[in-house]
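The values are calculated or read from the model by the stated rules, or taken from the named source; none is laboratory data. Values in this document were obtained by computation on a predicted structure and should not be read as measured data. FYI the Cβ positions are ideal-geometry reconstructions off the backbone, even for glycines, and counts take in every protein chain you see.
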Amino acid sequence: MSGTRSPVSRVLGGAALVALAIANPLGAQAPASGKFEIRPYVGAYLPTGDQRDLLKDAILVGAQASYRVIPQLAITGTLGWSPTEDRVSVGETIDLLQYDVGAELRAPAWIQRTSWEFTPFLGLGVGGRTYDYRDLDVDAKTNIAGYGALGGEFGFGQFGVRIEGRDYVSRFKPLTGGGDAKTRNDVAVAAGLTIRF
């Protein structure tokens, strides 16, 4: 086994370091008070099982918006884009657009320090995803998808750094030609910078 890291792990590591560097000095200035959160993020799209026979790993970028109903419950909407590639039609790029809404259960902070805290969360949600070939003359396909999420956030007052993993299950229809819809699975991992207001 080689000791080199993949491009995806380098992107995730770099994004987390940059987000921490930005959030730490800024977040210590003021406590979090607002119920709204916005969160740009970057991560990786990782097909699993049968989905891995069709699509390649790819970078994932997007944004989230959350509303904290109460401190322990938030409603979160997510929009993400990934330029994956088709393993069957070699070299063909597929723009994968993911959009969903879900509920997050947030535990009380597990670790609290003077200028930061760590809060874990669990989430469930539902939405859709659209697969669109860039260069092939094929109609885009849209499927329903649900997810379970697990992660944690390092809070620095008004700012935070979130690490999140999601397991998606979707009803997948073949992207070209006919065929029956089948259940497929993939995973997304991401790091994001939270701004509260």
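Out of the range 155-177, which residues are among the aromatic types (Phe, Trp, Tyr) and touching a Gly at 6+ places or on another chain (Cβ under 6 Å)?
Matches in the range 155-177: Phe156, Phe159.
Pairs meeting the criteria (first residue in the range 162-187 and in contact (Cβ under 8 Å) with a residue 24 or more places away in the chain and closer than 14 Å to Arg52 by Cβ, second residue of a type in the set (Lys, Arg) and surrounded by 13 or more Cβ atoms within 10 Å (Cβ to Cβ), beta carbons under 7 Å, at least 6 apart or on different chains) are Ser170/Arg129; Ser170/Arg184; Phe172/Arg184; Val187/Arg166. For the range 98-111, residues that are in a strand (DSSP E or B), in contact with a Phe, Trp or Tyr (Cβ under 8 Å, 6 or more places away or on another chain) and surrounded by fewer than 17 Cβ atoms within 10 Å (Cβ to Cβ) total 2. Considering only the range 87-101, I want to know if a residue exists there that is in contact with a strand residue (DSSP E or B) (Cβ under 7 Å, 6 or more places away or on another chain), more than 20 Å from Phe172 (Cβ to Cβ) and touching a residue at least 12 places away in the same chain (Cβ under 8 Å). The answer is yes, given that some residue of the range 87-101 is in contact with a strand residue (DSSP E or B) (Cβ under 7 Å, 6 or more places away or on another chain), more than 20 Å from Phe172 (Cβ to Cβ) and touching a residue at least 12 places away in the same chain (Cβ under 8 Å).
If you take the residues of the range 37-82 that are acidic (Asp, Glu) and not in a strand (DSSP E or B), which of them is farthest from Lys173 (Cα to Cα)? The selected residue is Asp57.
A residue that is within 13 Å of the chain's Cα centre (by Cα), crowded, with 19+ Cβ neighbours inside 10 Å and either without any contact (Cβ under 8 Å) to a residue 60 or more places away in the chain or closer than 17 Å to Arg106 by Cα (or both) occurs somewhere in the range 138-149.
Restricting to the range 112-137, count the residues that are basic (Lys, Arg), surrounded by fewer than 16 Cβ atoms within 10 Å (Cβ to Cβ) and under 21 Å from Glu164 (Cβ atoms). Number satisfying all stated conditions: 0. Considering only the range 36-70, state which residues are among the polar types (S, T, N, Q) and modelled with pLDDT of 95 or more. Thr48, Gln64, Ser66, listed by residue number. Among the residues making up the range 82-92, a single one is surrounded by fewer than 16 Cβ atoms within 10 Å (Cβ to Cβ) and either under 11 Å from the mean Cα position of the chain (by Cα) or at positive phi (or both): Gly91.
Total residues in the range 171-197 satisfying the condition of being in a strand (DSSP E or B) and more than 15 Å from the chain's Cα centre (by Cα): the figure is 7.
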